[in-house]
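Student: Pasting a structure here, questions to come.
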Amino acid sequence: MTLPDAKSLVDYAKSLDCIHCGLCLQSCPTFRLTGAESSSPRGRIHLMRAIGEERVEPNAAYGEELEFCLLCRHCESVCPAGVRFGPMMESARASYESVRPSGFLRRQLRSFGFRRLLPGRIALRLFGSFLRAVQVLGLDRIAFLVLGERGRDLVHLPRIAPLSARRLLPETIEAKVENGQEAAVGFLEGCVMPELFPHVNRAAANSLAALGARVHTPRGIVCCGSLHAHNGDLEGARMLARKLIEGFEPIKGGDGEAAPIVIHSAGCGAHMRELFELFEADDPWHARATAFAARVTDFTQYVAPLLAARTDVELDEGALEGPVTWDDPCHLCHAQGVREEPRDILARLVPNRRVELEGSENCCGSAGIYSLLRPADSRAVFEPKRAALERSGARTLVTANPGCQLQWQTGLRRAGSSVRVLHLAELVERALSRARSGRAGQQGHSAQQDA
Ligand code: SF4
Ligand code: SF4
């Protein structure tokens with residue numbers, strides 16, 4: 001294949017940052033699985049550089065290495081040269097889509113998934129109801145007959161709630177201000193969260209309100225576009241980024257300043273913090289995306305200092321069984337550098353019960369839609385994590401990303417494990433509501449004594 005401009009197929013300038021030290025190799029889940037240099041970060045960068053220099057053609061083997069990568073960004077955390085592998089891989093995947101010898105069906109499925117399903121609330125609602133019908137009719141047990149390997153885990157998926165329980169959040173939730181000042185935050189309920197984990201959305205939003213923030217969830221904003229960017233649809237990601245920026249720009253605090261945008265999904269947060277990467281520096285959207293990105297904060301970062309100031313938020317012994325462990329979502333620890341805050345929150349909520357998970361910064365194999373696209377690889381990446389969980393003795397695993405939550409729930413059910421998997425927001429909400437009822441009880445008691 002002769003290409004007019006091979007350098008445009010990869011981020012050639014960024015590929016030159018790699019100094020070939022190899023320190024990233026053991027951090028990479030696909031290298032650990034195969035031991036193959038070509039399936040390592042250094043190997044992939046080397047391939048990209050070779051494509052840019054026209055020494056290698058962007059053939060199917062190259063495409064396979066791009067797709068085998070989980071985009072977990074663990075390699076970035078350990079790289080002494082500061083190579084930013086994530087944006088490089090996103091741009092390589094997008095360019096590869098333009099030369100991929102792909103079939104008609106694949107293009108139609110991609111277009112339906114990225115352009116119709118993910119950005120459309122009605123389409124997502126229908127999809128959620130379809131999945132629920134499949135579960136209610138028991139068709140998930142035989143899905144593998146039609147979907148092959150990809151359908152095997154359908155039976156282990158968490159149960160989809162009826163539509164009445166998959167309520168969207170109101171546009172505004174008022175702050176429950178008791179003594180302090182009211183704040184304002186923007187909140188993204190996301191594309192799949194309202195279908196799979198509506199209770200987690202409510203827990204996060206209610207926690208923010210209980211901690212004194214007026215929570216604004218702009219209507220019509222559905223998907224942040226991170227799945228698009230990770231999977232080679234940068235134009236789709238740009239389209240959604242513009243909507244996102246327009247939807248959140250009007251949200252201001254009482255002081256007229258742009259309000260923080262609190263994200264409880266690590267994958268979405270990582271993408272939104274780097275939204276400017278989607279636009280060239282001379283594009284007017286670049287400046288708006290930069291201002292938007294500066295407002296984005298993870299739920300754990302927003303909540304940790306507020307909880308640190310409280311002495312009344314602790315879960316009672318019976319709320320959770322046994323030791324509790326935290327699994328770092330890759331896009332929280334590697335892409336956003338957030339590691340301490342979730343641990344601080346757990347130390348406050350369940351003091352003396354937290355146990356560390358060995359290799360908690362290793363990828364769980366969820367990686368957006370990776371577990372759907374490459375189920376066997378995803379399971380192979382998950383298995384050492386499951387074994388580490390077993391060794392930890394934890395009875396509850398806490399995380400903060402819907403993809404990870406789904407991967408853990410599905411994988412543990414497949415393995416017959418009864419360890420519970422929860423989002424950190426669920427624990428925060430329970431502790432805050434316990435603190436509230438404790439205070440209400442005390443006030444009632446004092447009122448009785450006064451009477
Ligand atoms: S992003 Fe993850 S899977 Fe991809 S090369 Fe880096 S460490 Fe390996
Ligand atoms: S650690 Fe960084 S510089 Fe070293 S080989 Fe890996 S990507 Fe290249």
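The values are calculated or read from the model by the stated rules, or taken from the named source; none is laboratory data. Computed from a predicted structure; not experimentally measured. Every residue, glycine among them, receives a Cβ derived from its backbone with ideal geometry; neighbour counts consider all protein chains shown. Each accessible area value is taken on the protein alone, full model and side chains, heavy atoms only, with ligands, DNA and RNA left out. Shrake-Rupley method; radii C 1.70, N 1.55, O 1.52, S 1.80 Å.
Student: Tell me which residues, restricted to the range 138-168, are open to solvent by less than 10 Å² (accessible area, probe 1.4 Å) and under 20 Å from Val215 (Cα atoms).
Tutor: Arg166
Student: Which of the residues belonging to the range 74-91 are under 19 Å from Thr34 (Cβ atoms) and open to solvent by less than 10 Å² (accessible area, probe 1.4 Å)?
Tutor: If the condition is that a residue be under 19 Å from Thr34 (Cβ atoms) and open to solvent by less than 10 Å² (accessible area, probe 1.4 Å), then Phe85, Met89 are the ones that fit.
Student: Only one residue in Leu147, Leu208 is farther than 22 Å from Glu257 by Cβ and either in a helix (DSSP H, G or I) or not assigned by TED's automatic domain parsing to the domain that holds Asn401 (or both). Which one?
Tutor: It is Leu147.
Student: Shifting gears a bit: Could you check how many residues of the range 321-364 are closer than 24 Å to Ala294 by Cα and not acidic (Asp, Glu)?
Tutor: 14
Student: Could you tell me whether the range 317-328 includes any residue that is assigned to a helix (DSSP H, G or I), open to solvent by less than 20 Å² (accessible area, probe 1.4 Å), farther than 30 Å from Arg150 by Cβ and not aliphatic (A, V, I, L, M)?
Tutor: The answer is no; no qualifying residue exists.
Student: Given the condition closer than 26 Å to His334 by Cβ, of a type in the set (Gly, Ala, Ser) and outside the structural domain of Glu341 (by TED's automatic domain parsing), answer yes or no: does some residue in the range 274-286 qualify?
Tutor: Yes.
Student: Scan the range 329-354 for residues that are at pLDDT below 95 and open to solvent by 10 Å² or more (accessible area, probe 1.4 Å) and jot them down.
Tutor: Hits for the range 329-354 are Ala347, Arg348, Pro351, Asn352, Arg353, Arg354.
Student: Report the residue count in the range 357-378 for those that are of a type in the set (D, E, K, R) and crowded, with 20+ Cβ neighbours inside 10 Å.
Tutor: Final tally of qualifying residues: 1.
Student: Something else about it: Scan the range 343-356 and tell me whether some residue there is over 15 Å from Val324 (Cα atoms), touching a Pro at 6+ places or on another chain (Cβ under 8 Å) and either in a loop (DSSP other than H, G, I, E, B) or within 16 Å of ligand 2 (Cβ to nearest atom) (or both).
Tutor: No, the range 343-356 has no match at all.
Student: Next question, about the same structure. When only residues in the range 9-51 that are small (Gly, Ala, Ser) and under 15 Å from Pro87 (Cβ atoms) count, which is nearest to ligand 1 (Cβ to nearest atom)?
Tutor: Here the residue is Ser15.
Student: Checking the conditions here, which among Ser77, Ser40, Ser95 is of a type in the set (Ser, Thr, Tyr), closer than 27 Å to Arg238 by Cα and modelled with pLDDT of 95 or more?
Tutor: On inspection, the qualifying residue turns out to be Ser77.
Student: Something else about it: Can you name every residue in the range 15-59 that is basic (Lys, Arg), open to solvent by 50 Å² or more (accessible area, probe 1.4 Å) and within 13 Å of ligand 2 (Cβ to nearest atom)?
Tutor: Arg42
Student: Could you say which residue among Leu71, Leu66 is at pLDDT 95 or above, within 8 Å of ligand 1 (Cβ to nearest atom) and open to solvent by less than 10 Å² (accessible area, probe 1.4 Å)?
Tutor: One residue alone meets the criteria, Leu71.
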